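The values are calculated or read from the model by the stated rules, or taken from the named source; none is laboratory data. Please read all numbers here as calculations on a predicted model, not as lab measurements. Cβ coordinates were reconstructed from backbone atoms using ideal geometry, including for glycine residues, and neighbour counts include every protein chain displayed.
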């Protein structure tokens, strides 16, 4: 476990440059809930993370659905849930609800409930739903800890990059989520399932640095700074807790818990072990690509594919059905 790393200081500086000093100052509180909320309650944050790169997103599509142009939401509805009707779905930690709004376009759903603590993000989603004429979706701004639903209320409980923000995954899934599901109910995740608190192994950090060095220097300038990203040291636990106490607090327990208590119907790995950390703060260089940049990204993709041949994926899309109690 790393308490403090050199990257912690770099991250503090880049956050101030990218998001403004007000964002950094918002973390100066002893209240864990307040620090967590500031991590999610900002609208239109400008950043340079791996998910902004179109080629990366196409790679995800291919690894999950087998088609560069088919997103997992459409794959879910056309290949997995196509014959199911009058579905009720609860999305926990829905944020701006972009995925839920996509799902709501399908008449398979009778109701989709989006639950999140960030009121302004839900208001943004509510406005989009109104503009698009989507009526089978509702939005609840509340702390999950204060929420309760009747037994057997939902066909699906959905987590998109939110489950890894919960502690004590085993009790969460078995004691709270599972009872809310119908007997044949499902949990659907698109999640980070890697190391708790992003405490990556020495082997993974070494591989990340090897991949980083393959990128020409001009494409390693950190977003909104003049700093060259020359190495990766990983996150210190203190910085993780300071920035967002909920971040990856028990992420390594997600898959073991789901495998023990649910039947995997589909589980697709899509990496991230190398790409997420290599491209952090330099992704903006690859939003618009030319032949050279495409070659760089393709080389990175191949590097990660080779790494995944002998290492578990940090990100997984999966559908898990509740086990029938005997």
- From (1) crowded, with 22+ Cβ neighbours inside 10 Å; (2) under 16 Å from residue 262 (Cα atoms), pick out the condition that doesn't hold for residue 194. (2)
- Query: surrounded by 14 or more Cβ atoms within 10 Å (Cβ to Cβ), at pLDDT 85 or above and assigned to a loop (DSSP other than H, G, I, E, B) - does that describe any residue in the stretch 41-48?
  - Reply: yes
- Query: Out of the stretch 194-212, which residues are over 17 Å from residue 50 (Cα atoms) and not in a helix (DSSP H, G or I)?
  - Reply: 195, 199, 200, 201
- Query: If only one of 258, 265 is at pLDDT 95 or above, in contact with a strand residue (DSSP E or B) (Cβ under 6 Å, 6 or more places away or on another chain) and in a helix (DSSP H, G or I), which one is it?
  - Reply: 258
- Item | The one condition in (1) under 22 Å from residue 62 (Cα atoms); (2) outside any helix (DSSP H, G or I); (3) within 16 Å of the chain's Cα centre (by Cα) that residue 288 fails to fulfil | (3)
- Restricting the stretch 227-248 to residues that are crowded, with 20+ Cβ neighbours inside 10 Å and free of Cβ contacts under 8 Å to residues at least 60 places away in the same chain, the residue that is farthest from residue 282 (Cα to Cα): 240
- Among (1) under 30 Å from residue 53 (Cα atoms); (2) free of Cβ contacts under 8 Å to residues at least 40 places away in the same chain; (3) in contact with a helix residue (DSSP H, G or I) (Cβ under 6 Å, 6 or more places away or on another chain), residue 125 falls short only on (3)
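Which residue out of 190, 277 is under 20 Å from residue 19 (Cβ atoms) and under 19 Å from the mean Cα position of the chain (by Cα)? Give the steps one after another, and end with the answer.
Working: 190 fails: under 20 Å from residue 19 (Cβ atoms).
Only one candidate qualifies: 277.
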- Item | Conditions (1) closer than 13 Å to residue 207 by Cα; (2) in a helix (DSSP H, G or I); (3) out of contact with any helix residue (DSSP H, G or I) (no Cβ under 6 Å at 6 or more places or on another chain); number of the one not met by residue 272 | (2)
